[in-house]
Every structure is written in C-alpha cells, then in structure tokens.
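Written below as structure tokens is the structure these notes are about.
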Amino acid sequence: MISQNATFSGDVPQDYEFEHPPGAWLARYLAKEISAAGWQPSEIDNWRDCGWSVVYSLKAAKLELTVAAMGSDGWALQVSAFDRPGMLRRFFGAKSSATESDIFSLANVAHDVLEKSSCFTDIRWLADGLPDEKNSLPRPRNE
C-alpha cells in the first residue's frame with residue numbers, strides 16, 4: 001500500500017488567510033484535530049496550486065496528508081509517506097519515511113476527525129486509488 005485515499009462531501013468555510021486554492025481552512029482544521037492524537041503537524045502548504053498539504057510526524061514516521069476540492073462540495077484526501085525512495089535509492093539503503101501501518105494509523109485518525117464533525121458526509125476510503133460508489137469502504141482498511 002502506498003496511500004489511503006478518501007472522498008467526502010461538506011461545506012468548508014473560507015480560510016482567513018488564503019482564498020485560493022480552496023481547502024486551507026480544512027487543512028488547518030485537520031491539523032488542529034489530528035495533533036490532539038499525538039501527531040505533530042507542519043504548517044499548511046499549497047499543494048500544486050490545487051490543494052493543501054500538511055506533513056505529520058510521530059516518532060520516526062513522517063507522512064503527508066493532502067486535501068483538494070473536487071467539484072462544488074466534494075473533497076479528496078490522501079495520506080501517504082512523505083518520502084518514498086525510488087528503486088535506486090532503495091538499492092542504496094534508503095527507506096520510506098512511513099510504514100503501511102503508519103499510513104493506516106494516520107488515515108484512521110483523519111477519518112475519526114471527519115466523522116465526528118457534523119460538516120462532512122459520505123466518507124469513502126480506498127487504498128491506492130480514488131474511492132467511488134463501487135470501489136470504496138466506509139473506513140480505511142489495512143490491506
């Protein structure tokens with residue numbers, strides 16, 4: 001597994017600092033709530049000018065959580081290792097900055113944050129792909 005991916009619906013307020021791209025408020029909200037579970041967030045960062053990312057650290061793990069708007073009230077979220085070395089770097093001993101277990105753990109915390117909020121509905125998860133009506137689960141699953 002490389003990533004845990006979610007789609008969900010919900011109205012997100014306009015951020016106090018950034019108008020574009022949408023979702024800065026959501027990235028800040030997730031960072032605040034996820035930090036309560038022990039994960040240390042970085043500052044939010046504009047991700048490819050279409051979303052927002054936050055790097056989370058816990059012990060030796062370093063992961064990236066990215067959110068982006070999908071349509072008028074739809075959102076996509078991805079949790080993945082911050083650093084995934086390619087074949088050559090792995091040959092020389094480089095390791096991923098997070099294990100599958102780390103990815104699964106942060107995805108579950110993110111799910112719980114989304115679920116406890118009354119703002120978000122229709123949360124769907126899929127490992128290594130975009131969730132849809134046919135291929136999705138109601139919670140992240142460690143595959």
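Based on what the data block shows, is A61 farther than 21 Å from L114 by Cα, buried (at least 19 other Cβ atoms within 10 Å of the Cβ) and over 14 Å from the mean Cα position of the chain (by Cα)? For A61, the condition - farther than 21 Å from L114 by Cα, buried (at least 19 other Cβ atoms within 10 Å of the Cβ) and over 14 Å from the mean Cα position of the chain (by Cα) - is met. Checked against the criterion of being in a strand (DSSP E or B) and within 15 Å of S3 (Cα to Cα), segment 115-125 contains one or more residues that satisfy it. Within segment 29-49, residues that are of a type in the set (S, T, Y) sit with their Cβ atoms under 9 Å from residues that are assigned to a helix (DSSP H, G or I), at 6+ positions apart or across chains, in these pairs: Y29/V113; S42/A31. Annotation: of all residues in segment 118-143 being loosely packed, with under 14 Cβ neighbours inside 10 Å and of a type in the set (S, T, Y), the one that is modelled with the highest pLDDT is T121.
Taking S97 as the residue in question, decide whether it is surrounded by fewer than 17 Cβ atoms within 10 Å (Cβ to Cβ) and more than 23 Å from E17 (Cα to Cα). Reasoning before the result, please.
Numbers: surrounded by fewer than 17 Cβ atoms within 10 Å (Cβ to Cβ): no; more than 23 Å from E17 (Cα to Cα): yes.
When the stated conditions are applied, S97 does not pass them.
All of (1) out of contact with any Pro (no Cβ under 8 Å at 6 or more places or on another chain); (2) touching a residue at least 60 places away in the same chain (Cβ under 8 Å) hold for P138 with one exception: (2).
Just so you know, in segment 64-88 the residues that are free of Cβ contacts under 8 Å to residues at least 40 places away in the same chain and surrounded by 13 or more Cβ atoms within 10 Å (Cβ to Cβ) include one that is farthest from I2 (Cα to Cα), and it is T66. Identification of strands (runs of 3 or more DSSP E) wholly contained in segment 1-88 with 1 or more residues that are farther than 20 Å from A127 by Cβ yields 3-10, 45-47, 51-58, 61-70. Among the residues of segment 1-25, those that are farther than 24 Å from D132 by Cα and either surrounded by fewer than 16 Cβ atoms within 10 Å (Cβ to Cβ) or acidic (D, E) (or both) comprise P13, Q14, D15, Y16, E17, E19, H20.
Among the residues here, A94 qualifies as farther than 18 Å from G129 by Cα, of a type outside the set (K, R), over 12 Å from the mean Cα position of the chain (by Cα) and not in a helix (DSSP H, G or I).
The values are calculated or read from the model by the stated rules, or taken from the named source; none is laboratory data. Please read these numbers as outputs of a predicted model, since none were measured by experiment. Don't worry about glycine lacking a Cβ; one is built from the backbone with ideal geometry, like all the others, and counts go over all protein chains shown.
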